[in-house]
Every structure is written in C-alpha cells, then in structure tokens.
1. Among the residues of segment 50-80, write down those that are among the polar types (S, T, N, Q) and touching a strand residue (DSSP E or B) at 6+ places or on another chain (Cβ under 8 Å).
2. Any residue that is in a helix (DSSP H, G or I), over 16 Å from Cys50 (Cβ atoms) and out of contact with any Phe, Trp or Tyr (no Cβ under 8 Å at 6 or more places or on another chain) - is there at least one of those in segment 136-146?
3. Out of Phe127, Phe132, report the one residue that is under 21 Å from Leu60 (Cα atoms), loosely packed, with under 13 Cβ neighbours inside 10 Å and under 24 Å from the mean Cα position of the chain (by Cα).
Amino acid sequence: MIKTVLALLCVGGILGLLIAFSDTQPSKIYVVHNNTAKEPLEIILERYYCSQDNVPILELFNTAQAIKPNGDTYFFNDIGSFFLWIEKQEEKENLTLWVYATDTERYVPAKTAWYSRVGMTPMGYGFSPYEFHVYDTADYYFDEVYTFAQRGETLWHPMVRHLLVENRL
C-alpha cells in the first residue's frame, strides 16, 4: 500500500514538473499565410525563424521577407540567405520582396534598394540593404548582389573578402 502511494506521488510530481516547465509559448514561425496585401509583416524577434537557415531572427537589421502570390510570407535573417532561397523558387518573378534598410530602419522593396557588400550580417554574407544610395558604401543594385550571391562571391569566399576589405573589388 505504501509503495503504491509513493509511486503515485512520484508520478504526480513528475507530471507536475513537466506541466510547470513546459513551453507554453506559440511554436516557431517560418511562414505566415494569407498576407494578401503583400506588405511586410511585423517580426517578433526570437519567435520568427529564417526559412533558409532555420535559425531564430534576433534583430531586424539585414532581415528580408518574400511573399508568394498566394500570400505565404517567408522570413530571412540575412540577405545572403534570402538570395539563396529565391534561387530555389520556381516562380521568382512573381515574388514580392522586402528588405530591412540599414539607413532608414524600415522595410523597403528589395529591387529598388541599394546594397553594400561588406556589412556585418548574421550569417556573414556581407550584403546589407540601404534605401538610399550611399556613395562608397551602398553602390550595388539588387540584380548585381543577387548574381554575386549565386556565384558565391560573398564575404565567405577568402579571395573576395580580401579584395572587398582592401577596396580593390
């Protein structure tokens, strides 16, 4: 009888601890559906995850959002990851693309933004978006940096990194 009571108390205690320490917050968010307005959504830091790298978004700088024609919105913690994800999509031309501008601290259309290749970014690709042209900092168009990302010409490539840091590329 005593063994049964002790066993029930142990099981009850374990269940109580599991309930007390269980994660009650909503799950990780990789995609938000039905964004028919195709406007950038507000990201809740550490709750939204990068759709390419599966890591939490910890800050808004260098983040991006891609919206498919059906309203599915995907989130990215680095512009380089954003470019790699776009390349894998079948209907690239139908995507609505937004990037968080470093200079104005708001989302701007990705195709009209200016880009730097030597920014401090979460995944280390170096592509940093700006809303306005900043001479000798943000001198690249969307199509140029998209091509650089596809060719692997990022700060991860040792020779490219050396040339960019020396301002010879």
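Bear in mind that the values in this text are calculations on the coordinates, not laboratory data. As the structure is a prediction and not an experimental result, all values here were calculated from the model. Counting neighbours? That spans all protein chains shown, and the Cβs are built from the backbone with ideal geometry, glycine included.
1. Of everything in segment 50-80, those that are among the polar types (S, T, N, Q) and touching a strand residue (DSSP E or B) at 6+ places or on another chain (Cβ under 8 Å) turn out to be Ser51, Gln52, Asn62, Thr63, Gln65, Thr73, Asn77.
2. yes
3. Going through Phe127, Phe132 in turn, just one is under 21 Å from Leu60 (Cα atoms), loosely packed, with under 13 Cβ neighbours inside 10 Å and under 24 Å from the mean Cα position of the chain (by Cα): Phe132.
Quick grid of which residues meet (1) aliphatic (A, V, I, L, M); (2) within 27 Å of Ile29 (Cα to Cα):
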site: Tyr100; (1), (2): no, yes
site: Tyr107; (1), (2): no, yes
site: Ala113; (1), (2): yes, yes
site: Ser128; (1), (2): no, yes
site: Val145; (1), (2): yes, no
site: Gly152; (1), (2): no, no
site: Leu163; (1), (2): yes, no
